[in-house]
Amino acid sequence: MLASTAEVAESLRGNWRDEMLFELSQARVTRESYQFALQQILSCDRKLESYLKTLPASQVEITLPPRQRE
């Protein structure tokens with residue numbers, strides 16, 4: 001079934017109900033908050049990596065107890 005030009009034009013009209021606009025604004029804020037948190041985490045990771053590079057390398061020897069035979 002093909003729609004008429006008028007039907008297509010009508011289907012493209014916006015639905016600007018307050019609750020819909022509120023939902024869209026919340027989705028935008030949520031995405032921005034996620035992006036901000038992600039940038040903060042990446043910044044912390046970079047800082048930790050640079051700090052860890054300043055620590056002296058060390059080796060720790062771990063002695064495991066002998067295995068018990070069944």
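Against the main long axis of the alpha-carbon atoms of the chain, helix 18-54 sits at an angle near 20°. Summed over the residues of the chain and divided among them, the accessible surface reaches 110 Å² per residue at a probe radius of 1.4 Å.
The base-10 log of I(q)/I(0) for the chain, evaluated at q = 0.17, 0.20, 0.21, 0.24 Å⁻¹, reads -0.89, -0.95, -0.98, -1.06 [Debye formula, identical scatterers on Cα atoms, solvent excluded].
In the chain, which longest range has no trypsin sites (Lys or Arg not before Pro) that are both DSSP loop (not H, G, I, E or B) and surrounded by at most 12 other Cβ atoms within 10 Å? The reported range is 18-66.
What percentage of the solvent-accessible surface of the chain, computed with a 1.4 Å probe over protein heavy atoms, is contributed by carbon and sulfur atoms? Ligands and nucleic acids excluded, carbon and sulfur give 58 percent.
Only sites in a loop by DSSP and with at most 12 other Cβ atoms within 10 Å count here; which chymotrypsin sites (Phe, Trp or Tyr not before Pro) in segment 12-70 make the cut? Numbers along the way, then the final one.
Details: sites: 16, 22, 34, 36, 51; in loops: 16.
Sites meeting the loop and neighbour criteria: 16.
The values are calculated or read from the model by the stated rules, or taken from the named source; none is laboratory data. Given the structure is predicted, the values throughout are model-derived calculations rather than measurements. Note that each Cβ is placed from the backbone with ideal geometry, even for glycine, and that neighbours are counted across all protein chains shown. These area figures cover heavy atoms from the full protein model, side chains too; ligands, DNA and RNA do not enter into them. Shrake-Rupley method; radii C 1.70, N 1.55, O 1.52, S 1.80 Å.
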